[in-house]
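The values are calculated or read from the model by the stated rules, or taken from the named source; none is laboratory data. Since the structure is predicted, the reported quantities are computational estimates derived from the model, not experimental observations. Glycine also receives a Cβ, built like all others from the backbone with ideal geometry; neighbour counts cover every protein chain displayed. Ligands, DNA and RNA are stripped out before the accessible areas are found, and what is left, the full protein with its side chains, is counted by its heavy atoms. Shrake-Rupley method; radii C 1.70, N 1.55, O 1.52, S 1.80 Å.
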Amino acid sequence: MQQLVGLVMWKKVLGGTLAVAMGVWMLALIVPQPAPPAWGDVWWWRSQLILLTGVAAWTLMSLIMVLAVRPAWLEKPLGGLDKSYRLHKWAGIGAIVLALLHYGLQLSRSLLADWVGRPVRTPRADWWLNTFRHLAEEMGEWAVWFLAAMLVITLWQRFPYHVWRYLHKLLAVVYLVLAFHAVVLTPPAWWQQPAGVLVGLCTLVGVLCAVRSLAGAIGRSRRHAARVVSVSPQGAGVLEVTCQVSPASGWKHAAGQFAFVTFGRAEGAHPFTLLNADQGNGVLRFAIKALGDHTGQLPLQVQPGQTVSIEGPYGCFDFRGDSATEQVWVAAGIGATPFMAWLESMQSTPALAPRVHLHYCVRHAGEAVFAERMAALCARLPSVTLEIHYSDDAGPVTPTALLAGTSPAASVWFCGPQGFAEAVRLGMQQLGRSPACFHQELFQMR
């Protein structure tokens, strides 16, 4: 249910933000004005569309800044930080598209003049911010080009993460530039209307978040100093790292959660799922798969005794809120990590474990680095049955095979590659299973 709640919530937040922006724009149209709206004038409509795309882009950009500071109070309503980052990504795409439309409408002046003739000039309202108008327009133009470039390199997954991270941090500076642009170019009449209230509120909240980001305060209250206790290669490119946080630090995590770990300042923090359940002793284990330059170099860089920074915990990938009497757990590759933590968390109370069909999906035996430990943990949980699938031998496991022998109301908890997740989700639909029964941990946060 948490997965569905998060999915519905982030769509409501995104749609609601745009609806509010359109609503205040429409209210500004019906407020009595000295000159009545020229409904048949192309130039009047161009001006209004510039305002609409501007206020819509600005509300989304402000939403992005709020999400960027990782507010704890938003995590559960959105279904976890991974879902919050999905909202952050799509709000960013929407904001940049609207900003480009906004700028494109500004550039359309010459083309429109050749088509319908030049507009009749009307005197601009006397407003003290007009002094900064030209500067605000130029700064906004450069900011839009930067946003367009950021959209391209964000969607281009092969762009180096460590470079992208620094460029992404500059978005807080770009936001402050656009805050100046928004305040200066907001029509004077709007400041006495809901539209002005929205622009002012978005600007105030967004600027505070941008300053917090630039000050390096994001997640500061949830950061813990830790020491690397052991580094153990597991094969198949998986490195198990055990860290020790001081028990006095107050660290507590639930199975299925993840944390941001900083092994080196140059690369910054990366999210890794916790492999173990919380035993109250501050011991944290991470299983890290070599999936890129940074994770591939960790075996050479991380040494016992090294000090690392751990921020968290985050995430709501927790089966305990599931009302289904039967569950299917699909652990694909390194996606086995949250399930290992869950299995470990139930060892002291096996009678409370739900009825679970656990499928560990790997390509071959050499990739099944958790198979032995997983089998040992499942052996002490009578209600959990384990099946290991080797796709190199039997071919890719199908949704039909994963759901075989389960009731239509059984819930599915998935952690693994996105392509496999989509195949399972589609297979569930074809089998008549409800999408509300599918729960997923999202790996991709960029």
Open item on the list: Looking at the chain as a GNM with Cα springs under 10 Å, which of L111, L185, L239 has the largest mean-square fluctuation?
Closed with: L111
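Within the range 329-437, list the trypsin sites (Lys or Arg not before Pro) lying in a DSSP loop whose Cβ has at most 13 other Cβ atoms in a 10 Å radius.
Working: sites: R355, R363, R373, R380, R425, R433; in loops: R363, R380, R433.
Within the range 329-437, the qualifying trypsin sites (Lys or Arg not before Pro) (loop, at most 13 other Cβ atoms within 10 Å) are R380.
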Task: Other-chain or far-sequence residues with amide H under 5 Å of R355's (modelled H) - done: Q327
Task: Amide H within-cut-off set for I388, under 5 Å, with H built and near neighbours excluded - done: Y360
TODO: Per residue, how big is the convex hull around the C-alpha atoms of the range 276-383? Give it to me in cubic angstrom, could you?
DONE: 142
TODO: Output the antiparallel fraction of DSSP beta bridges having both residues in the range 244-372, as a percent to the nearest 5.
DONE: 60
TODO: Return the single residue from E367, E422, E326 with maximal mean-square fluctuation; model: Gaussian network over the chain, springs between Cα atoms under 10 Å.
DONE: E422
TODO: Provide the per residue accessible area, probe 1.4 Å, for the range 345-446, rounded to a whole number of square angstrom.
DONE: 49
Task: Descending Cα extents along the principal axes, the range 241-280, whole Å - done: 31, 22, 15
- [ ] Filter the trypsin sites (Lys or Arg not before Pro) in the range 147-191 to those in DSSP coil with at most 15 other Cβ atoms within 10 Å of their Cβ, and list the result.
- [x] R158
Task: Accessible area per residue, Å², the range 25-116 with all protein chains present, probe 1.4 Å - done: 48
- [ ] For the range 213-254, restrict the atom set to alpha-carbon positions and state the Rg and Dmax in Å.
- [x] 14.3, 40
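Antiparallel as a % of all DSSP beta bridges within the chain, to the nearest 5? Show your work: numbers first, answer last.
Values: 30 of 52 bridges.
Once the DSSP bridges in the chain are tallied, antiparallel ones form about 60 percent.
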Task: Contour minus Cα-Cα distance for D41 and K76 (0.36 nm per residue) - done: 7.8 nm
TODO: May I ask for the net charge around F260, where only other residues with Cβ less than 10 Å from the Cβ of F260 are counted and Lys, Arg are +1 while Asp, Glu are -1?
DONE: +2
Open item on the list: Using a Gaussian network model on the chain with a 10 Å cutoff between Cα atoms, which of A351, A254, A324 fluctuates the most?
Closed with: A351
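Pairs of Cα atoms under 8 Å, at least six residues apart: use those to get the relative contact order of the range 237-351, whole percent.
Details: 175 pairs, mean separation 40.7, N = 115.
This gives 35 percent for the range 237-351.
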Open item on the list: Counting only protein heavy atoms and a 1.4 Å probe, tell me what percentage of the chain's accessible area is made up of carbon and sulfur.
Closed with: 64
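What number, in percent, do you get for the relative contact order of the chain if the mean sequence gap of Cα pairs under 8 Å and at least 6 apart is divided by its residue count? Show your work: numbers first, answer last.
Details: 689 pairs, mean separation 67.9, N = 446.
Worked out over the chain, it gives 15 percent.
In deg cm²/dmol and to the nearest 500, what is the mean residue ellipticity at 222 nm of the chain if only DSSP H runs of at least 4 residues count, each as -39500 (n - 2.57), divided by the residue total? List each step's numbers first, then the result.
Values: 14 runs with 208 residues, N = 446.
About -15000 deg cm²/dmol.
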Task: ³J(HN,Hα) computed for each position of the range 201-216 - Karplus, 6.51 cos²θ - 1.76 cosθ + 1.60, integer Hz, glycine/proline x - done: 5, 4, 5, 4, 5, x, 5, 4, 5, 5, 5, 4, 5, 5, 7, x
TODO: For the range 311-318, just list the computed ³J(HN,Hα) in residue order, Karplus coefficients 6.51, -1.76 and 1.60, θ = phi - 60°, integers in Hz, with x standing in for Gly and Pro.
DONE: 10, x, x, 10, x, 10, 7, 9
Open item on the list: From the C-alpha coordinates alone, can you work out the Kirkwood hydrodynamic radius of the chain, in Å?
Closed with: 24.6
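Taking Cα pairs under 8 Å and at least six residues apart, what relative contact order does the range 274-414 come out at, in percent? Spell out each step's value before the answer.
Values: 176 pairs, mean separation 38.8, N = 141.
Dividing the mean separation by the residue count of the range 274-414 yields 28 percent.
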- [ ] Ignoring everything but the protein chains, give the 1.4 Å probe accessible area of C209 in square angstrom, nearest 10.
- [x] 20
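Report the calculated FRET efficiency for R222 and R109 (r = Cβ-Cβ distance, R0 = 41 Å), to the nearest 0.05.
Numbers: r = 49 Å, r/R0 = 1.19.
Efficiency, rounded to the nearest 0.05: 0.25.
Step through the table entries K89/K252; K11/K252; K12/K169; K11/K89, compare each Cα-Cα distance with 23 Å, and write down the pairs that go over it.
K89/K252; K11/K252; K12/K169, as the Cα separations exceed 23 Å there.
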